[in-house]
Amino acid sequence: MTVSRRDIIGLAGIGLLSATPLLARPSSRATRLVSAARKQIGVTTVYSQAYHGISYPNGDFPRNSGACTDVIVRAYRDGLDLDLQKLIHLDMKKAFSAYPKIWGLKTTDRSIDHRRVPNMRKFFQRQGAVQPFSKEPHDWLPGDLVTSIIGGKLAHCGIVSDRKKGDRPLLIHNVGRGTREEDRLFAWPITGHYRWAV
């Protein structure tokens, strides 16, 4: 039986075949997400995880500052018109007990919940977005989300780029010096790999 390229792509789309380099081209949605993240470089020049009381939905504060989670929130909002502030808030209202209790909160807080890496991880898990993770570069596609732990205690996250250094995808993130695109995907122990809405 002869299998055409269209058949291969169709079979991969329903999970019967694993991705190959031919099939690993980013979708247009992934491309938009990565582009929206990259546009934050040179705009967000300060790292700040400070609490900000912000409007809801689509709340934000001046884009010259932000944390790692803000890179993801802003990329989804600008690139895919998806408001993680609202989506995480609504999911937390529906299933508050499923979310981490690290901060001792008794209820949701629309200004900060979406800006916390553990909450993002739980949200993407609940959306069925979990992917296996490894240190194999081909396991990571543009637009994928990675979470990691720095120094054994600081939760971090970023968006996998469509650019590479050698065979390693770059990471678009803010780890303390503003939004940057760097060879840091495998720099810290990985705690999560997610592929959502791309």
Quick check: anything in the stretch 47-62 over 21 Å from R163 (Cα atoms), at pLDDT 95 or above and charged (D, E, K, R)?
yes
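In the stretch 140-170, what residues are of a type in the set (A, V, I, L, M, F, W, C), assigned to a strand (DSSP E or B) and farther than 17 Å from G42 by Cβ? I'd like the intermediate steps shown before the answer.
Residues of the stretch 140-170 that are of a type in the set (A, V, I, L, M, F, W, C), as a first pass: 140-141, 145-146, 149-150, 154-155, 157, 159-160, 170.
Those left that are additionally assigned to a strand (DSSP E or B): 145-146, 149-150, 154-155, 157, 159-160, 170.
L145, V146, I149, I150, L154, A155, C157, V160, listed by residue number.
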Which of the numbered conditions does T147 fail, given that it passes all the others? Conditions: (1) crowded, with 23+ Cβ neighbours inside 10 Å; (2) under 15 Å from R74 (Cα atoms).
(2)
Of I88, I72, the only residue that is within 12 Å of F123 (Cβ to Cβ), of a type in the set (A, V, I, L, M), buried (at least 21 other Cβ atoms within 10 Å of the Cβ) and touching a Gly at 6+ places or on another chain (Cβ under 8 Å) is I72
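Among the listed residues R168, R177, which satisfies the condition of being loosely packed, with under 14 Cβ neighbours inside 10 Å, over 11 Å from the mean Cα position of the chain (by Cα) and not small (G, A, S)? Can you show your working first?
Working: R168 fails: loosely packed, with under 14 Cβ neighbours inside 10 Å.
Answer to the selection: R177.
Taking the stretch 72-104 as the region of interest, how many residues are assigned to a loop (DSSP other than H, G, I, E, B) and either among the polar types (S, T, N, Q) or touching a helix residue (DSSP H, G or I) at 6+ places or on another chain (Cβ under 8 Å) (or both)? Even if it seems obvious, please write down each step before you answer.
Just the residues of the stretch 72-104 that are assigned to a loop (DSSP other than H, G, I, E, B), to begin with: 81-83, 95, 99-104.
Filter once more, so that each one left must be either among the polar types (S, T, N, Q) or touching a helix residue (DSSP H, G or I) at 6+ places or on another chain (Cβ under 8 Å) (or both): 82-83, 95, 99-100, 102.
Qualifying residue count for the region: 6.
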Can you pull out the residues in the stretch 25-63 that are assigned to a loop (DSSP other than H, G, I, E, B), touching a strand residue (DSSP E or B) at 6+ places or on another chain (Cβ under 6 Å) and more than 17 Å from P169 (Cβ to Cβ)?
Q40, T44, S48
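Between K122, K93, K164, K135, which is basic (K, R) and without any contact (Cβ under 8 Å) to a residue 24 or more places away in the chain?
Working: K122 fails: without any contact (Cβ under 8 Å) to a residue 24 or more places away in the chain; K164 fails: without any contact (Cβ under 8 Å) to a residue 24 or more places away in the chain; K135 fails: without any contact (Cβ under 8 Å) to a residue 24 or more places away in the chain.
Sole residue among the options that is basic (K, R) and without any contact (Cβ under 8 Å) to a residue 24 or more places away in the chain: K93.
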Taking only pairs six or more apart or across chains, which ones have beta-carbon atoms under 9 Å, a first residue in the stretch 182-195 that is in contact (Cβ under 8 Å) with a residue 60 or more places away in the chain, and a second residue that is aromatic (F, W, Y)?
T191/F133; G192/F124; G192/F133; H193/F133; H193/W140; Y194/F124; R195/F124
Across the stretch 92-118, what is the total count of residues that are at pLDDT 95 or above and either of a type in the set (F, W, Y) or buried (at least 20 other Cβ atoms within 10 Å of the Cβ) (or both)?
8
Screening V3, V43 for residues that are at pLDDT 95 or above and among the aliphatic types (A, V, I, L, M) leaves only V43
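The values are calculated or read from the model by the stated rules, or taken from the named source; none is laboratory data. Small disclaimer: the values here were computed from a predicted structure and weren't measured. Cβ: placed from backbone, ideal geometry, glycine included. Neighbour counts: every protein chain shown.
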